[in-house]
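First the structure, in the form of structure tokens, and then the observations on it.
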Amino acid sequence: MTANRPLSDLERMAFARGALTRRELLRRAGVAGGVVAGASLLAACGSSGSSGDTTTPAASGPATIDKTVSPNWTFSNWPFYIDVKGKNHPSLDLFDKEFSTKTKYLEDIDDNETFFGKVKAQLEAGQSIDRDIVVLTDWMAGKWVALGYAEKLDKSVLPNVVKSQTSALRGRSIDPNDEYLVPWQSGFTGIAYNPKLTGRELTAISDLWDPAFHGKVTLLTEMRDTLGLVMQDIGIDPSACTIDDAQAAVDAIQPHVDSQQVRRFTGNDYAQDLAKGNVVACMGWSGDVVQLQFDNPDLKFVIPDKGGIIWTDNLLIPKGSENAYNAHLWMDFCYRPEIAAMIEAYVNYICPVDGAKEALVANDPDTANNPLIFPPQETLDNVKTFKALTPEEEAGFNELFLGLTGE
């Protein structure tokens, strides 16, 4: 990492998020009104699941694939994680028309670890999992790469990806040569709050401990997010943390759990409480708040002064894919700036495609100028990724966290 490279923390995006069901969207949380118009998705930030070996397979030269378009192919994603119009997905409809194919689009990834459990036996046996693209969070995507469960990309059919993938997401530790993964969306974890109910601006995680907010504060069930934010608040770098640092973060939180300052630990359902005013301040995800602001523009999301957490989900072609060319074509298609803009206008997380902002300016200036979707450099300089944990560390961190949450 060099000091003069922009977004350098993104290069350590490996294992930034975890496995719990954070993707129960605002619409599933029952938030009223216009919030349900968009997908609060990009999802499962930070907690459970084993990271495993983080060593990527040795490079074996450029991949080449049969360049024949299949009449059908399968794309497996998280719920509501693509543009929607009525019952259709406009970007996929355009893709199918242009390439004379039919996409079987599945929303069957509810969390990283559970999905992996469903297909692990087939992957271990070298069998197809009947999917040609899956969308996995960094730590899990890195695990698939390390275990040899990802097909190598043929860069000759990915000119838009090569050209338009933001430089900050190139050469990440989970895929140093960009041979297996194509970023889909990124997002932040920080503080979500209602300033009309707090009566003041919040700038630090320690602001959540204000006695005036007793019983109206929630933290996240995702270990990496909650401990990572608190670590930074007490001066610890979560990208280089130890089990002792995890204990220090737990110790910092425990009194506020014991005193019931903390109402509960939540997944995505914190959005409902925040929208209703049952919670005045909480740990949350940037895309959720963008969606909540459609209904309540008074709500705010901030990166704490001492730092927030950042993560990325990735497109990956599973080993044994029977329609890998279609998968490549989709990856390259959605990296056209105008298509990325179409998807981004619905998803509302951090876009990895250079040029998408400019494509959005004319038709959707609010999205194009939203700093939570196209963040300025000073924001990116103030976020960290969570350390890639060994299996032993994962077990120890989770044991401490489960003791805190009481699960």
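Looking only at segment 226-264, how many residues end up being of a type in the set (Gly, Ala, Ser) and either without any contact (Cβ under 8 Å) to a residue 12 or more places away in the chain or closer than 11 Å to residue 205 by Cβ (or both)? Of the residues in that region, 3 qualify. Each residue in segment 350-359 was checked for being closer than 16 Å to residue 168 by Cα and either open to solvent by less than 20 Å² (accessible area, probe 1.4 Å) or hydrophobic (A, V, I, L, M, F, W, C) (or both), and 5 pass. When segment 236-272 is filtered for residues that are over 22 Å from the mean Cα position of the chain (by Cα), surrounded by 16 or more Cβ atoms within 10 Å (Cβ to Cβ) and of a type in the set (D, E, K, R), the ones remaining, listed by number, are 245, 263, 264.
Quick one: which residue in 374, 397 is assigned to a helix (DSSP H, G or I) and touching a helix residue (DSSP H, G or I) at 6+ places or on another chain (Cβ under 9 Å)?
After applying the criteria, what remains is 397.
Does segment 302-322 contain any residue that is closer than 30 Å to residue 160 by Cα, touching a His at 6+ places or on another chain (Cβ under 9 Å) and either open to solvent by 10 Å² or more (accessible area, probe 1.4 Å) or modelled with pLDDT of 95 or more (or both)? Within segment 302-322, one or more residues are closer than 30 Å to residue 160 by Cα, touching a His at 6+ places or on another chain (Cβ under 9 Å) and either open to solvent by 10 Å² or more (accessible area, probe 1.4 Å) or modelled with pLDDT of 95 or more (or both). Answer yes if at least one residue in segment 339-347 is open to solvent by 10 Å² or more (accessible area, probe 1.4 Å) and at pLDDT below 90, and no otherwise. Scanning segment 339-347 turns up at least one residue that is open to solvent by 10 Å² or more (accessible area, probe 1.4 Å) and at pLDDT below 90. Scanning segment 272-285 for residues that are under 20 Å from residue 200 (Cα atoms) and not charged (D, E, K, R) yields 274, 275, 277, 278, 279, 280, 281, 282, 283, 284.
The values are calculated or read from the model by the stated rules, or taken from the named source; none is laboratory data. These numbers were taken from a predicted model, which means no experiment stands behind them. When we count neighbours, we look across all protein chains shown, and the Cβ atoms used for this are built from the backbone with ideal geometry, even at glycine. Each accessible area value is taken on the protein alone, full model and side chains, heavy atoms only, with ligands, DNA and RNA left out. Shrake-Rupley method; radii C 1.70, N 1.55, O 1.52, S 1.80 Å.
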